[in-house]
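Down below is the structure, laid out as structure tokens.
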Amino acid sequence: MRHRSDPADDDQRKEHNYPRGADRRHHHDSNQLQKQVIQLKRMMRMQNQVLIGLSSFFVLVIISTFSLIQHLPHPNDEERPFWEQHRKQSQQQQQQEKKSQVLIPIQVLANCTHYGCRLHPVEMTQLNNNTTLRSFIASPNHILMTHKSNRKKPAPVNQDRAILIPSFSDNMSKNDAVPHYQTNKSSSNTTNPHDNFFLGVFDGHDDNGHQIAQFAAQEVPARIASKIQNVSLITKGNHTIGEETIKQIITRTFVEVDSNTPVTGGGCTATIMLRRKSTLFMANTGDSTSIIVVYNPPPPSHYDQQKAKSNERYIVSPRSPDIQLHLQGTITIHYQNKKHKAHFPEEHARIDSLGGRVHIPPKNPMNSRVIVRSALHNEDVGLAMSRSIGDSEWTAVGVIPDPDVVILDLNKFWSDNDIKRSGGKVFAILGSDGLFDGRKAEFVSSHLAYGLFEYNLNHGENEDVDPNFSSNHLIEVGKKLVNMASPLKEEWYRDDITFVA
């Protein structure tokens with residue numbers, strides 16, 4: 001039985017704050033609500049922080065994206081972002097191709113100094129139908145060609161460098177340095193200053209050989225011209241600079257360039273020809289090749305049109321033993337430089353006297369090597385030549401930069417070979433060992449004689465012939481020569497192949 005509570009007891013509970021059952025439940029619910037409110041506030045603060053962080057992140061992403069897009073290069077407009085451009089993709093590609101075709105000739109044209117305008121070959125695979133570019137690579141008077149090797153190491157780059165400076169001038173007048181490309185029809189004037197020229201091939205080797213070859217190609221002609229100018233200033237132009245003086249200048253230049261190479265771990269060959277008036281100076285260090293050739297055309301009655309058409313097919317046909325070039329005229333090689341190999345007695349004696357080691361394969365002495373313990377490679381390394389520019393680790397054992405210099409009197413040469421009366425054509429070829437190790441000098445000479453002279457016999461050698469027509473064909477002859485000097489199989493090693501004629 002429940003008893004009614006006494007009012008006094010109720011007053012006592014109130015006085016001591018003892019809640020009743022309903023009051024206790026209300027108090028408990030109130031505490032729970034406060035806790036939930038606190039948790040909700042915490043969650044809201046966390047959500048706000050996350051939203052602020054995400055917003056900042058997206059703002060940064062958008063700003064970065066816009067900034068990146070605005071700095072992306074585009075062929076049509078390098079100043080505006082691509083979303084402001086409305087040209088079709090095909091137009092973009094055409095503009096990019098046009099830009100790439102124009103860049104090289106402009107660089108070639110702009111590369112002129114007081115001693116002449118420097119022409120360099122373009123990688124054979126990059127040659128296209130750009131007439132302006134092709135006119136610098138080949139003309140009725142010259143051709144430059146280079147093709148990168150298929151090597152992977154030490155450097156997957158073309159380590160050859162070649163240079164042609166038409167109208168080479170060693171005085172201070174820039175007017176004398178303007179290129180002159182017109183064919184000299186008479187072949188009898190050997191003192192025309194526009195006929196002066198500088199040719200050079202520099203074949204790099206080892207890791208940094210391409211850098212040293214590039215340095216040598218730039219410095220050798222510049223320093224030769226500068227030294228000759230200095231001599232002229234000292235003598236005030238009152239005395240003709242003698243042949244021996246020029247010879248000494250060339251030798252000192254090679255030695256200076258060797259002493260000032262910008263990097264170690266490599267070297268290069270250097271073979272050059274310098275024509276001054278009626279004198280030709282030919283200098284060589286290393287194992288590149290330079291030759292002087294005379295081409296005598298066939299008598300008109302002996303010129304065979306069928307052979308001419310067969311030769312044209314040969315140039316554009318795939319490599320095959322069933323079709324060959326049949327030169328109708330004749331070629332005679334009148335000069336070929338001596339290569340510097342360690343097995344030659346003079347070279348061997350110098351290296352041996354300085355404590356150097358020479359390895360000579362019994363069956364192939366031309367593959368002789370100068371052996372040193374290389375600190376850079378931490379092993380024994382053999383150098384394929386006994387003279388070079390660079391190769392500092394071999395200097396102490398007798399590998400020197402000093403060139404052999406040969407002097408040719410062109411007036412006497414013209415007279416002795418009856419060039420004027422016979423209608424002969426004299427031309428020079430300089431090439432790296434990638435070309436001349438693959439083909440003999442006669443093979444190379446025949447192809448270039450055909451491209452320079454004989455092809456024109458079939459198409460009329462007169463003033464009305466478009467020179468670009470002859471130049472384009474000469475480039476195809478050059479490509480064919482490179483192809484014929486390359487190994488039969490693509491997977492076989494192919495060296496860099498470079499020549500200038």
**OP:** Could you tell me, in Å, what Rg and Dmax come out for the Cα atoms of region 353-501?
**Re:** 21.0, 64
**OP:** Return the FRET efficiency for the residue pair E442, S353: r is the Cβ-Cβ distance, R0 is 60 Å, and the value is rounded to the nearest 0.05.
**Re:** 0.95
Original post:
Roughly how many nanometres apart are two label points built 7 Å out from the Cα toward the Cβ at D416 and Y335?
Top reply: 1.0 nm
Original post:
Mean projection of the alpha-carbon convex hull of region 259-307 over all orientations, in nm²?
Top reply: 7.6 nm²
Subject >> Förster radius 25 Å - calculated FRET efficiency between N150 and V316 (Cβ-Cβ, nearest 0.05) >> reply: 0.60
Original post:
Ordering H205, H302, H114 from largest to smallest accessible area (1.4 angstrom probe), what's the sequence?
Top reply: H302, H114, H205
Original post:
What Kirkwood radius, in Å to one decimal, follows from the Cα pairs of region 339-390?
Top reply: 11.2 Å
**OP:** Give me the distance in nm between label points sitting 7 Å out from Cα along the Cα-to-Cβ direction at S259 and L54, one decimal.
**Re:** 7.3 nm
**OP:** Could you sort 47-55, 272-280, 482-490 so that the peptide with the highest average Cβ count within 10 Å comes first and the rest follow in order?
**Re:** 272-280, 482-490, 47-55
**OP:** Work through the residues other than T289 whose Cβ is under 15 Å from its Cβ and net out their charges, Lys, Arg +1 and Asp, Glu -1.
**Re:** -3
**OP:** Work out the FRET efficiency for D380 and D402 from their Cβ-Cβ distance, taking R0 = 22 Å, and round it to the nearest 0.05.
**Re:** 0.30
Original post:
How would you classify region 294-408 from its alpha-carbon gyration tensor, with a ≥ b ≥ c the square roots of the eigenvalues: rounded for a/c under 1.5, else prolate if a/b is greater than b/c, otherwise oblate?
Top reply: prolate
Original post:
Packing-wise, with mean Cβ within 10 Å as the measure, how do 404-417, 424-437 rank, highest first?
Top reply: 424-437, 404-417
**OP:** Taking 7 Å along the Cα-to-C-beta vector as the label spot, tell me the Q36-E490 distance in nanometres, rounded to one decimal.
**Re:** 7.7 nm
Subject >> Value in Å of the Kirkwood radius, where region 219-312 supplies the Cα pairs that are averaged >> reply: 16.9 Å
Original post:
Does region 295-353 classify as rounded, prolate or oblate by the C-alpha gyration tensor (a ≥ b ≥ c root eigenvalues; a/c under 1.5 gives rounded; else a/b over b/c gives prolate, otherwise oblate)?
Top reply: oblate
Subject >> At 1.002 mPa s and 20 °C, Stokes diffusion of region 369-445 via Kirkwood alpha-carbon radius, µm² per second >> reply: 131 µm²/s
Original post:
Hey, which of these cross-link pairs are over 19 Å Cα-Cα: K309/K480; K440/K479; K227/K339?
Top reply: K227/K339
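The values are calculated or read from the model by the stated rules, or taken from the named source; none is laboratory data. Quantities reported herein were computed from a predicted structural model and do not represent experimental measurements. As a convention, Cβ positions derive from the backbone with ideal geometry for all residues, glycine included, and neighbour counts pool all protein chains shown. Surface accessibility is based on the protein's heavy atoms, side chains included, excluding ligands, DNA and RNA. Shrake-Rupley method; radii C 1.70, N 1.55, O 1.52, S 1.80 Å.
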